Amino acid sequence: MPPTPDPRTVFLSYASQDAPAVERIAAALNAAGIEVWFDQHELCSGDAWDSKIRKQIQDCALFVPVISATTNARLEAYFRIEWNLAAQRTHAMAGEKAFLVPVVIDATLAPAAIVPVEFQAVQWTRLPNGDELAPFTARISALLAGTAPRAQARPVMAPAAPAVRPSWLAAALVLLSLGAGLAYWGGTRQSDPLAVGAAQAADNQSIAVLPFANLNADKEQEYFSDGLSEELLNLLSKLPQLRVIARNSSFSFRGKEQDVSAIAKALRVSHILEGSVRKSGDTVRISTQLIRVADSTQIWSETYERKLTDVFKLQDDIAGAVVAALKVKLLPAQRLTNAHQTANTEAYQQYLLGNQLYNQNTPESYPRAVAVYRKAIAADPGYAAAYAGLSLAEHEGMRFSDKPLSPAAITGAKQRALEAAEQAIALAPDLALGYATRGFIRMFSYWDWKGAQADFERARTLDPNDSTIARRYGLLQAIMGQLPAAITTTKKVIETDPLSMFAWSNLGSYYNANGQLKEARQTLMRALEISTHAQHAHNYLGQTALLEGRATEALAHYREAGEIHVMSGTAMAEFSLGHHALSQQALAALIASHAQDRAFRVAQVYAWRGEKDLAFTWLQRAYAQRDADLTYIKYEPLLAKLRGDARFTAMLDTLGLDQ
């Protein structure tokens, strides 16, 4: 028998963005003598949130889900848990009496796929902005008194026929809102610009972990909720039985109004894990739920409230529960344990903040990340993951500094980055991140190809499913002239990181170098669909167009490719158009501004123009400068006129790339 509900209470379930309208509804009901419960008013600090919510939904007389564009967009997770609990109670009541009273407060036309089917089987009420409340209040009073007529058997906003769940309509509206565009994969044209590989069905053991919602009033705490989501994603990705979407792709939907079905289609997954995080002092509360996308069923949910000192055990518990819900059979040697552990909670929080700053990928964020990683190390001098983070932040801060750096400053940054990576390896010999970081530094700053290859191969053995490690290894393969292998590696990266502009751009550049210009164009257009301002993609599309003899198009792409490529690309494209004076003007500007740090790009222009002697002069200058772009020499297609020259072979030999 279901529990006897409190005859006085109406439970309002809503997204926090809709609070003003919900407060008006609650005030009108209270004025009519109706008791209303919603957590903004009732939940006190220190309450066991999950048990309180479950009890209120179990005991209330009426459950009112407040539906809007916000809830359809799935911006927060906690109300989703409330909705599923209400749906479960509806089943237990078996139609015994009216219980669900869905309310729509905006112009939403149809329920998204996330709306439980039980909500769609009853009549919906429209209360724009929570106004015009008198008839609604009267209806609620009548329902509580047992005098209201039974609701219609279908929602008034749903299609009259056929009587099917209308999740397809919401998905269609989402796809229409994305605008026109072409998506390509392996030459296959898709109609949905986010539907990477949409012709392939999602396998049953595939999952995307969406960024957990930060429920703290302090938005600065977002680094913590993001960090926990990413760490959980990394845990699950250790299982080869699961296809887990990489952070770049799964986090790309933050703040976008797309429902779970649209996200799952774009990422080609069968399951979505989402949740929310609230941190108060030394306590953290995490609510999670696992959704099977095919029928929008919540197959597992739980809320945890633990001390921060237990956060790693908490992550292990969540990962284990997800694996059990997906019925993944663990092999005897497989253990789900976070490799980035520390006994110091302050060090861990600083590490997560450092990760967020590093992931912003800006000249300003890298120095800030360095400072924060150093705080983590100060709190725990034995924290290997923080040393790996410090290493990357030091290195990338040097590479992408927005201020000119002296040779001494560059050398110092490279040395600090290498030392931090080696310290990470010394502290944690089984941490893949340490080897991957040292391999990246050896590749870009020390041109130690064999050392970099050994590091990447060790990292991939320790963590074969890390897409960032694989993407960087693909770049090393290209640098060493192993283009078919680089293409294969990077295509596999895209399987788990389908919305990575960097992976698509890299793949396009490898196709250019391999002479597969049709594939290059398709791939790079895909990169631009992901990010219309992707300078890498515009640069490589400029290459494609030049190689195809489309100099005017190349000029247009180079103008969108960032300062250095505007100048070098313009010099090459104008030369191909026969505008030699304009070409020379652009080249002169390039030399005037970047002779001291980007000699390789000057050599590239001379090579394209067929001026071999000057091209080799500038390649020698690039070598003397330790210009990082020189690492691309073996596969750079715009240097084709230099190949076969003994000086080119000698340069490869000097760089250790002659094999």
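Numerical summary
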| quantity | calculated |
| --- | --- |
| Condition broken by Ala384, with the remaining ones in (1) surrounded by 22 or more Cβ atoms within 10 Å (Cβ to Cβ); (2) out of contact with any Gly (no Cβ under 9 Å at 6 or more places or on another chain) satisfied | (2) |
| Which listed residue is within 22 Å of the chain's Cα centre (by Cα), over 28 Å from Val117 (Cα atoms), buried (at least 22 other Cβ atoms within 10 Å of the Cβ) and touching a residue at least 12 places away in the same chain (Cβ under 8 Å), from His340, His271 | His340 |
| Qualifying residue in the range 198-207 (condition: outside any loop (DSSP other than H, G, I, E, B) and modelled with pLDDT of 55 or more) | yes |
| Of the criteria (1) surrounded by fewer than 21 Cβ atoms within 10 Å (Cβ to Cβ); (2) in contact (Cβ under 8 Å) with a residue 24 or more places away in the chain, which one Arg550 fails | (2) |
| Boolean, Glu346 is farther than 19 Å from Val244 by Cα, assigned to a strand (DSSP E or B) and either basic (Lys, Arg) or open to solvent by 30 Å² or more (accessible area, probe 1.4 Å) (or both) | no |
| Residue that is nearest to Lys307 (Cα to Cα), among those in the range 37-63 that are more than 33 Å from the chain's Cα centre (by Cα), outside any helix (DSSP H, G or I) and at pLDDT 55 or above | Trp37 |
| Test set (1) of a type in the set (D, E, K, R); (2) modelled with pLDDT under 75; (3) more than 30 Å from Arg285 (Cα to Cα); (4) under 31 Å from the mean Cα position of the chain (by Cα) - Asp106 fails condition number | (2) |
| Condition check for Lys492: of a type in the set (D, E, K, R), open to solvent by 10 Å² or more (accessible area, probe 1.4 Å), closer than 18 Å to Leu475 by Cα and assigned to a helix (DSSP H, G or I) | yes |
| Leading residue by the ranking (farthest from Glu495 (Cα to Cα)) among those in the range 274-315 that are among the small types (Gly, Ala, Ser) and open to solvent by less than 20 Å² (accessible area, probe 1.4 Å) | Ser287 |
| Among residues of the range 522-547, those that are open to solvent by 50 Å² or more (accessible area, probe 1.4 Å) and over 24 Å from the mean Cα position of the chain (by Cα), counted | 1 |
| Identity of the residue in the range 356-397, within 22 Å of the chain's Cα centre (by Cα) and part of a loop (DSSP other than H, G, I, E, B), that ends up farthest from Ser225 (Cα to Cα) | Pro363 |
| Number of the condition not met by Arg626 [criteria: (1) modelled with pLDDT under 95; (2) open to solvent by 40 Å² or more (accessible area, probe 1.4 Å); (3) on the phi < 0 side of the Ramachandran plot] | (3) |
| Residues that are surrounded by 20 or more Cβ atoms within 10 Å (Cβ to Cβ) and among the small types (Gly, Ala, Ser), drawn from the range 415-463 | Ala417, Ala420, Ala421, Ala424, Ala428, Ala432, Gly434, Ala436, Gly439, Ser445, Ala452, Ala459 |
| Pairs where the first residue, in the range 487-503, is free of Cβ contacts under 8 Å to residues at least 24 places away in the same chain and the second is hydroxyl-bearing (Ser, Thr, Tyr) and open to solvent by less than 10 Å² (accessible area, probe 1.4 Å), C-beta under 9 Å, 6+ apart | Thr490/Tyr510 |
| Criterion violated by Arg74 - all others in (1) modelled with pLDDT of 85 or more; (2) assigned to a loop (DSSP other than H, G, I, E, B) satisfied | (1) |
| Of all residues in the range 492-548 being out of contact with any strand residue (DSSP E or B) (no Cβ under 9 Å at 6 or more places or on another chain) and of a type in the set (Val, Ile, Thr), the one that is farthest from Ala266 (Cα to Cα) | Thr544 |
| Single residue of the range 638-658 satisfying the filter (part of a helix (DSSP H, G or I) and of a type in the set (Lys, Arg)) that is nearest to Gln604 (Cα to Cα) | Lys641 |
| Subset tally (residues that are in contact (Cβ under 8 Å) with a residue 24 or more places away in the chain and within 25 Å of Gln620 (Cβ to Cβ)) for the range 564-589 | 9 |
| Residue in the range 220-261 that is modelled with the lowest pLDDT, counting only those that are open to solvent by 10 Å² or more (accessible area, probe 1.4 Å) and within 25 Å of Thr108 (Cα to Cα) | Glu257 |
| Residues of the range 202-219 that turn out to be among the hydrophobic types (A, V, I, L, M, F, W, C), open to solvent by 30 Å² or more (accessible area, probe 1.4 Å) and touching a strand residue (DSSP E or B) at 6+ places or on another chain (Cβ under 8 Å), as a count | 1 |
| Qualifying positions in the range 416-466 - charged (D, E, K, R) and in contact with an Asp or Glu (Cβ under 6 Å, 6 or more places away or on another chain) | Arg416, Arg438, Arg442 |
| Residues of the range 437-449 classified as touching a residue at least 40 places away in the same chain (Cβ under 8 Å) and either among the basic types (Lys, Arg) or assigned to a helix (DSSP H, G or I) (or both), total | 7 |
| Residues of the range 590-602 that turn out to be part of a helix (DSSP H, G or I), buried (at least 16 other Cβ atoms within 10 Å of the Cβ) and touching a residue at least 12 places away in the same chain (Cβ under 8 Å), as a count | 6 |
| Index of the failed condition, Ser301 passing every other in (1) within 23 Å of the chain's Cα centre (by Cα); (2) assigned to a loop (DSSP other than H, G, I, E, B); (3) over 18 Å from Asp226 (Cβ atoms) | (2) |
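The rows are residues; the columns are (1) surrounded by 18 or more Cβ atoms within 10 Å (Cβ to Cβ); (2) of a type in the set (S, T, N, Q); (3) closer than 20 Å to Ala459 by Cα.
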{"site": "Ala319", "(1), (2), (3)": "yes, no, no"}
{"site": "Tyr366", "(1), (2), (3)": "yes, no, no"}
{"site": "Leu392", "(1), (2), (3)": "yes, no, yes"}
{"site": "Asp402", "(1), (2), (3)": "no, no, no"}
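The values are calculated or read from the model by the stated rules, or taken from the named source; none is laboratory data. Everything numeric here is computed off the predicted structure, so don't read it as measured data. So basically every Cβ, Gly included, is an ideal-geometry build from the backbone, and we count neighbours across all protein chains shown. Surface areas here come from the heavy atoms of the whole protein model, side chains and all, with no ligands, DNA or RNA. Shrake-Rupley method; radii C 1.70, N 1.55, O 1.52, S 1.80 Å.
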